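Below you'll find the structure, written out as structure tokens, and then a few comments.
The values are calculated or read from the model by the stated rules, or taken from the named source; none is laboratory data. Owing to the predicted nature of the structure, the values given are computational and were not obtained by experimental measurement. A quick note on method: Cβ atoms are made from the backbone with ideal geometry, for glycine too, and the neighbour counts reach across all protein chains shown. When the accessible area is computed, the model is the full protein with side chains, heavy atoms only, and any ligands, DNA or RNA have been set aside. Shrake-Rupley method; radii C 1.70, N 1.55, O 1.52, S 1.80 Å.
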Amino acid sequence: QVQLVESGGGLVQAGGSLRLSCAASGSIFSINAMGWYRQAPGKQRELVAHITRGGTTNYLHSVKGRFTISRDNAQNTVYLQMNTLKPEDTAVYYCNADDPLAYYWGQGTQVTVSS
């Protein structure tokens, strides 16, 4: 079992920045990829950014060049640096991790971008 705890959400004006963190605990040795998803009201959850254990990344097209995902394997933590935030980035952001047995989710952290 893996437990994920997110932090760093909040309210920011358009053009501002936030940094999300996700700390993993439990059976962390088996974690492969980690990522961030988001879900806005009335919309489906979507993948924002993804990083493998080896550091390969991929991003949702609309956040490329603005968001950066990084991972500290020693600290079992994944980060999402979000710059030049837009009102359409407003959502609950969820941390995700997978191992050979399952997918795991954090509780979510709210990000609100005001115009």
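Quick notes on this structure:
- Scanning the stretch 7-20 for residues that are open to solvent by less than 30 Å² (accessible area, probe 1.4 Å) and not aliphatic (A, V, I, L, M) returns Gly10, Gly16.
- Contact map, the stretch 94-115: first residue hydroxyl-bearing (Ser, Thr, Tyr) and assigned to a loop (DSSP other than H, G, I, E, B), second residue open to solvent by 30 Å² or more (accessible area, probe 1.4 Å) and modelled with pLDDT of 95 or more, Cβ cut-off under 6 Å, separation 6 or more or different chains; pairs are Ser115/Ala14; Ser115/Pro87.
- Residue in the stretch 30-43 that is hydroxyl-bearing (Ser, Thr, Tyr) and over 23 Å from Gln110 (Cβ atoms) present: yes
- Residues of the stretch 66-77 that turn out to be open to solvent by 30 Å² or more (accessible area, probe 1.4 Å), modelled with pLDDT under 95, polar (S, T, N, Q) and in contact with a Ser or Thr (Cβ under 9 Å, 6 or more places away or on another chain), as a count: 1
- Residue list for the stretch 87-96, filter: farther than 11 Å from Gln39 by Cβ and either surrounded by 14 or more Cβ atoms within 10 Å (Cβ to Cβ) or aliphatic (A, V, I, L, M) (or both): Asp89, Cys95, Asn96
- Conditions (1) under 14 Å from the mean Cα position of the chain (by Cα); (2) in a helix (DSSP H, G or I): number failed by Phe29: (1)
- For the stretch 44-62, filtered to residues that are small (Gly, Ala, Ser) and at pLDDT below 95, the residue that is nearest to Leu85 (Cα to Cα) is Gly55.
- Count of the stretch 21-32 residues which are open to solvent by 20 Å² or more (accessible area, probe 1.4 Å) and touching a residue at least 24 places away in the same chain (Cβ under 8 Å): 8
- Residues in the stretch 33-65 that are within 18 Å of Thr77 (Cα to Cα), of a type outside the set (Val, Ile, Thr) and in a loop (DSSP other than H, G, I, E, B) were compared, and the one that is least open to solvent (accessible area, probe 1.4 Å) is Ala33.
- Test: residue in the stretch 68-88 that is free of Cβ contacts under 8 Å to residues at least 24 places away in the same chain and closer than 28 Å to Gln13 by Cβ: yes
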